[in-house]
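Before any comments, here is the structure.
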Amino acid sequence: MGLLIEGIWHDTWYDTKSSGGAFRRSAAQFRNWVTPDGAPGPTGKGGFAAASGRYHLYVSYACPWAHRTLIFREIKGLSAHIPVSAVHPDMLDQGWTFAPEPQGRTGDRLYGLNYAHQVYTRADPTYSGRVTVPILWDSERQTVVSNESSEIIRMFNSAFDGLTGNRDDFWPEALREAIEPVNARIYDTVNNGVYKCGFATTQEAYDAAIEPLFDTLDWLDSHLAQNRYLMGDRLTEADWRLFTTLIRFDPVYHLHFKCNRRRLVDYPNLWAYTRELYQWPGVAGTVHMDHIIRHYHYSHDSINPHRIIPVGPALDLLEPHRRDQRTVA
Ligand SMILES: N[C@@H](CCC(=O)N[C@@H](CS)C(=O)NCC(=O)O)C(=O)O
């Protein structure tokens with residue numbers, strides 16, 4: 001675990017001293033957008049037109065942020081157009097690496113690099129900052145388009161529609177205003193909330209994160225008792241953003257990040273909802289539970305110094321969800 005300073009790799013853990021033991025996530029720095037014709041997006045520079053085979057997605061199968069982009073690549077029919085390279089689940093002194101694992105799911109398929117930090121310095125030899133996944137890479141201009149998952153999924157949602165003919169819209173205009181505050185609460189208290197609990201280095205920082213996390217999960221469970229999805233009857237990006245945290249909750253966050261007031265399976269509606277999303281066509285193939293369990297427990301030696309990988313709970317993700325048979329009150 002480390003970061004780049006002026007293009008040089010430094011092996012250092014997150015600094016929580018300056019923030020009273022609280023984990024603070026730094027903002028992503030590459031914020032360009034792929035658009036249908038290369039016009040600039042809401043941030044960054046233009047020149048990134050949608051095209052087949054031009055863009056490459058670097059992910060970790062363990063990472064919930066990268067997982068969002070893999071799901072959108074799948075459900076938007078982009079797998080033939082945007083190839084993927086995955087890092088090894090162990091994130092140690094060199095950060096994310098492309099070391100091969102026995103199943104052959106890892107490695108840099110584009111350049112054969114050894115480390116994800118080399119992707120960043122290839123784009124900018126003087127880059128300073130964390131080396132995170134996902135990374136959307138432009139092989140034509142040899143640079144990072146974006147390393148912000150919430151924006152990559154919006155690009156995938158519509159920029160390539162002319163190419164794929166897939167018009168499924170998970171960020172519909174009419175719901176954008178309603179989606180925003182739900183995303184914001186879930187990001188702060190759940191997606192990032194579990195990290196705030198797990199990476200806290202003082203009791204106060206942990207206490208400040210754990211209450212809002214379970215308040216939101218309680219709220220979500222009752223909301224999903226009345227609504228099939230977060231926005232009612234329509235599945236949107238808000239659901240996929242929540243899903244990648246929920247699927248990791250019992251196998252990782254409950255124990256490793258001390259998010260243990262309740263398990264996901266103790267929430268009947270959230271658990272059935274998670275199964276429904278897991279069973280959505282194409283989605284199960286994006287869930288690599290072995291990488292998920294291995295990455296967190298093996299990489300965070302300040303949390304789990306002996307690197308024992310726990311067995312994980314027996315979850316039946318294929319149990320019928322029956323969410324389609326519910327009658328909405
Ligand atoms: N804002 C980023 C966050 C991505 C992120 O933090 N990814 C984690 C993996 S789960 C990472 O690569 N961390 C490495 C580090 O912080 O050094 C996004 O949503 O794309």
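Read-outs throughout are calculated quantities, based only on the coordinates presented, and are distinct from any laboratory measurement. Note that the coordinates shown come from a computational prediction; the quantities given were computed from them, not determined experimentally. Don't worry about glycine lacking a Cβ; one is built from the backbone with ideal geometry, like all the others, and counts go over all protein chains shown.
Which whole-number percent gives the relative contact order of segment 3-164, counting Cα pairs below 8 Å spaced six or more residues apart? Result for segment 3-164 is 30 percent.
Placing +1 on each Lys and Arg Cβ and -1 on each Asp and Glu Cβ, with no other charges, gives segment 173-325 a dipole about its Cα centre of roughly 360 debye.
Other residues whose C-beta falls under 13 angstrom from the C-beta of SER149 contribute a net charge of +3, scoring Lys and Arg +1 and Asp and Glu -1. Counting charges near GLY7 (Lys, Arg +1; Asp, Glu -1) among other residues having Cβ under 13 Å from its Cβ returns a value of -1. Over all other residues within a Cβ to Cβ distance under 13 Å of LEU136, the charged ones net out to +2, with Lys and Arg as +1 and Asp and Glu as -1. In this structure the amide hydrogen of ARG31, modeled in the peptide plane, comes within under 5 Å of no amide hydrogen from residues 5 or more places off or on another chain. Basic side chains Lys and Arg get +1 at the Cβ, acidic Asp and Glu get -1 at the Cβ, and with that the dipole of segment 3-164 about its Cα centre reaches some 300 debye. Packing here is the average count of other Cβ atoms within 10 Å per residue, and on that basis the peptides 51-64, 270-283, highest first, run 51-64, 270-283.
Think of the chain as a dipole: +1 on every Lys or Arg Cβ, -1 on every Asp or Glu Cβ, centred on the Cα centre; then among PRO310, HIS10, ASN114, ASN114 lies furthest on the positive end. Averaged over residues, the count of other Cβ atoms within 10 Å places the peptides 7-14, 234-241, 24-31 in the sequence 234-241, 24-31, 7-14, highest first.
Run the numbers on the chain and let me know its relative contact order in percent, using alpha-carbon pairs under 8 Å that are six or more apart. Value for the chain: 19 percent. Note on the chain: with a GNM built from Cα contacts shorter than 10 Å, the maximum mean-square fluctuation among GLN94, GLN226, GLN103 falls on GLN103.
Here the Karplus curve 6.51 cos²θ - 1.76 cosθ + 1.60, taken at θ = phi - 60°, turns the phi angles of segment 169-183 into couplings of 10, 9, 9, x, 3, 5, 9, 4, 5, 6, 5, 3, x, 5, 4 Hz, with x standing for Gly and Pro. Taking amide H positions as modeled 1.01 Å from N, with prolines and chain starts lacking one, the residues under 5 Å from THR143 and 5 or more places away or on another chain are ASP138.
Over the chain, dividing the summed -39,500 (n - 2.57) contributions of all DSSP H runs of at least 4 residues by the number of residues returns a 222 nm mean residue ellipticity of -10000 deg cm²/dmol. Relative contact order of segment 173-325: 22 percent, from C-alpha pairs under 8 Å at least 6 residues apart in sequence.
On the beta carbon distance between ARG234 and ASP290, with R0 = 22 Å, the FRET formula returns roughly 0.10. Under the convention that each Lys and Arg Cβ holds +1 and each Asp and Glu Cβ holds -1, the size of the dipole of the chain around its Cα centre is about 180 debye. Over the chain, with a Gaussian network built from C-alpha contacts below 10 Å, which listed residue (ASP221, ASP169, ASP266) shows the highest mean-square fluctuation? Highest fluctuation among the options: ASP266.
Tell me which of GLY21, VAL34, PRO134 sits at the most positive position along the dipole axis of segment 3-164, charges placed on C-beta atoms (Lys, Arg +1; Asp, Glu -1). Farthest towards the positive end: VAL34. Scalar couplings 3J(HN,Hα) for segment 265-278, obtained by applying the Karplus form with A = 6.51, B = -1.76, C = 1.60 to θ = phi - 60°, are 5, 7, 9, x, 6, 4, 5, 5, 4, 4, 5, 4, 5, 4 Hz; x denotes Gly and Pro.
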